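I have placed the structure first, in the form of structure tokens, so that the comments after it can refer back to it.
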Amino acid sequence: MRNRLHPVLLSVLTAALCLPAAANTILFDFDSGSPPLSTGMGLPLSQTAGGATATFTGRFSVQSHDTTFYNLPNFSGNYLDPSDVYSPPLTVSFDRVLIGLSFDFATADFGLDTNTTLQLTAYLNSTFNPAVGSTTSQAVGEGWGLGTLTFQSNAAFNLVEVVILPGAGSDFLADNFQATTFSDGGGTIPEPATAAYLGLGFVALAGLARRRKWL
């Protein structure tokens, strides 16, 4: 029985450990995704790019320099422009898990002494779950404060909420969301049951090793 069990346990461990390790970056820039977007469209909206889908929710609309007459060097084509001047939060959910996310942003500081700071908080599946992690980034520059917010995580997430911290500008624009998934694009992570089997496999193998030692 022991000799038959050993190969089975090795198979379980091999399957559980065969998780993608490399990364794949997918760009959501509101220009190249599907379906095509047009200026004036409000949220929520979904965009599919690189086989992944992101859903953007909040008091924002799709705009461009042709409609806003802004001149923001990091922004091109379409981007998200706030429809509300009272610091609207932006929520982005993905149909697969991520290990990283970054995007360009701009804030209307217009000479304020304190530059505006954005905060991104990441979750897995729901904002009611404990946060996976968070990060902040401060806009730099006079008039329009510009910045890039980047979040990298050792734990998988598929939902983020972006807000302005109190004390400076009231709203922000966003563009060029770069989502980092696992190499297979599926973002496979071990489910709780898989993790449990993995743990049991190690325990069983350790037990076999101890038995052989004392035989």
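Coordinate-derived values only; no laboratory data. From a predicted model like this one, the values you see are computed outputs, not experimental measurements. Heads up, the Cβs are rebuilt from the backbone with ideal geometry, glycines too, and the neighbour counts pull from every protein chain shown.
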If every Lys and Arg gets +1 and every Asp and Glu gets -1 at its Cβ, then about the Cα centre the stretch 23-189 yields a dipole, in debye to the nearest 20, of 420
Ordered by number, the chymotrypsin sites (Phe, Trp or Tyr not before Pro) in the stretch 23-123 that occupy a DSSP loop and have at most 14 other Cβ atoms within 10 Å are PHE69, TYR86, PHE110
Length-normalised contact order of the stretch 23-189, Cα under 8 Å, at least 6 apart, in percent, tallies to 29
Sorted largest first, the Cα spans of the stretch 23-189 on the principal axes come out in Å as 46, 33, 25
